[in-house]
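Student: Would you mind keeping the following structure in view while I ask a few things?
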Amino acid sequence: KEAWSWGPGRFDYYQDTYGNPAVVKAATGTELVLAVNYQVWAFDAVKGGIKWYADTDVGGSNVSPSILAVGERLFAFGGHSPSTGTALRAGGKDDVSKTHVDWTSSRSPYIPSPVYHDGHIYWMDRAGYAICLSAKTGKEVYRERLESTGRAPQFYASPVLVDGKIISVSRNAGAFVIEAKPQFKQLAQN
């Protein structure tokens, strides 16, 4: 049974949005949070309607990565030319752009949704690099080229975290495994 529905009305930012929303349990209630072109929206998960929104630099021709939610902390990535990332806090009402956005980074995956582990955010990009950011500051911890037998890997699939390792399947050079630590270490190419 449908609980609620929502139409964009005057908002046309949803175009070129491909990521999945995240369900977040905030102090103000359960929210359904979605990154769209140049904004993040939070819907009331029970009643529907937008509870709050924040302007971001994440946008351009598309927003493909899904929102990464770690408790009430949210990370939005994506866009094209340039790709950017931002961290913000859930909760609030109406426009929270000036109060809830914590940092913006020039590092961002174009398509994959990053993963979080022990205070760090990880992904592998379409240029064949493994990237790690500090979740607290948005600062780059490392950006290291992956060693590859054969072609340079391109990543469009989202990585997964398994037993302290990050596994990401490339488009053209197999699966790569790195340690989920702030010191880069490539473990395998399969």
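The values are calculated or read from the model by the stated rules, or taken from the named source; none is laboratory data. Note that the coordinates shown come from a computational prediction; the quantities given were computed from them, not determined experimentally. Cβ atoms come from the backbone with ideal geometry, glycine included; neighbour counts cover every protein chain shown. Please note that ligands, DNA and RNA were not included when accessible areas were found on the heavy atoms of the full protein model with its side chains. Shrake-Rupley method; radii C 1.70, N 1.55, O 1.52, S 1.80 Å.
Student: Residue by residue through region 76-89, note down the ones that are over 13 Å from GLY60 (Cα atoms) and open to solvent by 10 Å² or more (accessible area, probe 1.4 Å).
Tutor: Here is the first cut: in region 76-89, the residues over 13 Å from GLY60 (Cα atoms) are 76, 86-89.
If the condition is that a residue be over 13 Å from GLY60 (Cα atoms) and open to solvent by 10 Å² or more (accessible area, probe 1.4 Å), then ARG89 is the only one that fits.
Student: Turning to a different aspect of this structure: Please determine, by comparing only the residues of region 1-50 that are of a type in the set (D, E, K, R) and over 16 Å from the mean Cα position of the chain (by Cα), which one is modelled with the lowest pLDDT. Walk me through how you get there before you give the answer.
Tutor: Here is the first cut: in region 1-50, the ones of a type in the set (D, E, K, R) are 1-2, 10, 12, 16, 25, 31, 44, 47.
Right, trim to over 16 Å from the mean Cα position of the chain (by Cα) and you get 1-2, 10, 12, 25, 31, 44, 47.
Values: LYS1: 89, GLU2: 89, ARG10: 53, ASP12: 59, LYS25: 93, GLU31: 95, ASP44: 94, LYS47: 91.
That would be ARG10.
Student: Can you pull out every residue in region 130-145 that is out of contact with any Phe, Trp or Tyr (no Cβ under 6 Å at 6 or more places or on another chain) and either acidic (Asp, Glu) or modelled with pLDDT under 95 (or both)?
Tutor: Correct list: GLU140 only.
Student: Being closer than 21 Å to TYR110 by Cβ and open to solvent by 30 Å² or more (accessible area, probe 1.4 Å) is the filter here; which residues of region 56-72 pass it?
Tutor: The first filter runs over region 56-72 and keeps only residues closer than 21 Å to TYR110 by Cβ, leaving 56-69.
If the condition is that a residue be closer than 21 Å to TYR110 by Cβ and open to solvent by 30 Å² or more (accessible area, probe 1.4 Å), then ASP57, SER61, ALA69 are the ones that fit.
Student: Out of curiosity, is ALA188 of a type in the set (Gly, Ala, Ser), out of contact with any helix residue (DSSP H, G or I) (no Cβ under 9 Å at 6 or more places or on another chain) and in a loop (DSSP other than H, G, I, E, B)? Don't jump to the end; show me each part of the working.
Tutor: Values: of a type in the set (Gly, Ala, Ser): yes; out of contact with any helix residue (DSSP H, G or I) (no Cβ under 9 Å at 6 or more places or on another chain): yes; in a loop (DSSP other than H, G, I, E, B): no.
Judged against the criteria, ALA188 is not a match.
Student: Further, regarding this structure: Of a type outside the set (A, V, I, L, M), open to solvent by less than 50 Å² (accessible area, probe 1.4 Å), within 20 Å of THR137 (Cβ to Cβ) and part of a strand (DSSP E or B): is that true of THR30 in this structure?
Tutor: Numbers: of a type outside the set (A, V, I, L, M): yes; open to solvent by less than 50 Å² (accessible area, probe 1.4 Å): yes; within 20 Å of THR137 (Cβ to Cβ): no; part of a strand (DSSP E or B): yes.
Criteria not met by THR30.
Student: Do we have any residue at all in region 43-57 that's under 29 Å from ILE166 (Cβ atoms), assigned to a strand (DSSP E or B), touching a residue at least 12 places away in the same chain (Cβ under 8 Å) and not hydrophobic (A, V, I, L, M, F, W, C)? Explain how you work it out, then say what you get.
Tutor: So the first thing to find is which residues in region 43-57 are under 29 Å from ILE166 (Cβ atoms), and the list is 54, 56-57.
Still in the running and assigned to a strand (DSSP E or B): 54.
Now restrict to residues that are touching a residue at least 12 places away in the same chain (Cβ under 8 Å): 54.
This time we only want the ones that are not hydrophobic (A, V, I, L, M, F, W, C), so: none.
Taking every residue of region 43-57 in turn, none turns out to be under 29 Å from ILE166 (Cβ atoms), assigned to a strand (DSSP E or B), touching a residue at least 12 places away in the same chain (Cβ under 8 Å) and not hydrophobic (A, V, I, L, M, F, W, C).
Student: Now, a different point. Identify, please: which residue in region 164-173 is modelled with pLDDT of 95 or more and of a type outside the set (A, V, I, L, M) and is, among those, surrounded by the fewest Cβ atoms within 10 Å (Cβ to Cβ)?
Tutor: Restricting to residues being modelled with pLDDT of 95 or more and of a type outside the set (A, V, I, L, M), the top hit is GLY164.
Student: Can you tell me how many residues in region 100-119 are open to solvent by 70 Å² or more (accessible area, probe 1.4 Å) and either closer than 18 Å to GLN154 by Cβ or at pLDDT 95 or above (or both)? Please lay out each step first, then the result.
Tutor: Step one: filter region 100-119 for residues open to solvent by 70 Å² or more (accessible area, probe 1.4 Å), giving 104, 106-107, 116, 118.
Okay, now just the ones that are also either closer than 18 Å to GLN154 by Cβ or at pLDDT 95 or above (or both), so 107, 116, 118.
Of the residues in region 100-119, 3 are open to solvent by 70 Å² or more (accessible area, probe 1.4 Å) and either closer than 18 Å to GLN154 by Cβ or at pLDDT 95 or above (or both).
Student: Hey, among TRP52, TRP6, TRP41, which residue is over 26 Å from HIS117 (Cα atoms), open to solvent by less than 70 Å² (accessible area, probe 1.4 Å) and hydrophobic (A, V, I, L, M, F, W, C)?
Tutor: Numbers: TRP6 fails: open to solvent by less than 70 Å² (accessible area, probe 1.4 Å); TRP41 fails: over 26 Å from HIS117 (Cα atoms).
That would be TRP52, the only listed residue that is over 26 Å from HIS117 (Cα atoms), open to solvent by less than 70 Å² (accessible area, probe 1.4 Å) and hydrophobic (A, V, I, L, M, F, W, C).
Student: For region 134-144, state whether one or more residues are acidic (Asp, Glu), open to solvent by less than 30 Å² (accessible area, probe 1.4 Å) and in contact with a strand residue (DSSP E or B) (Cβ under 8 Å, 6 or more places away or on another chain).
Tutor: Here is the first cut: in region 134-144, the residues acidic (Asp, Glu) are 140, 144.
Those left that are additionally open to solvent by less than 30 Å² (accessible area, probe 1.4 Å): none.
No.
Student: Can you pull out every residue in region 145-163 that is of a type in the set (S, T, N, Q) and surrounded by 15 or more Cβ atoms within 10 Å (Cβ to Cβ)?
Tutor: Step one: list which residues in region 145-163 are of a type in the set (S, T, N, Q), which gives 148-149, 154, 158.
Within region 145-163, SER148, GLN154, SER158 meet the criteria.
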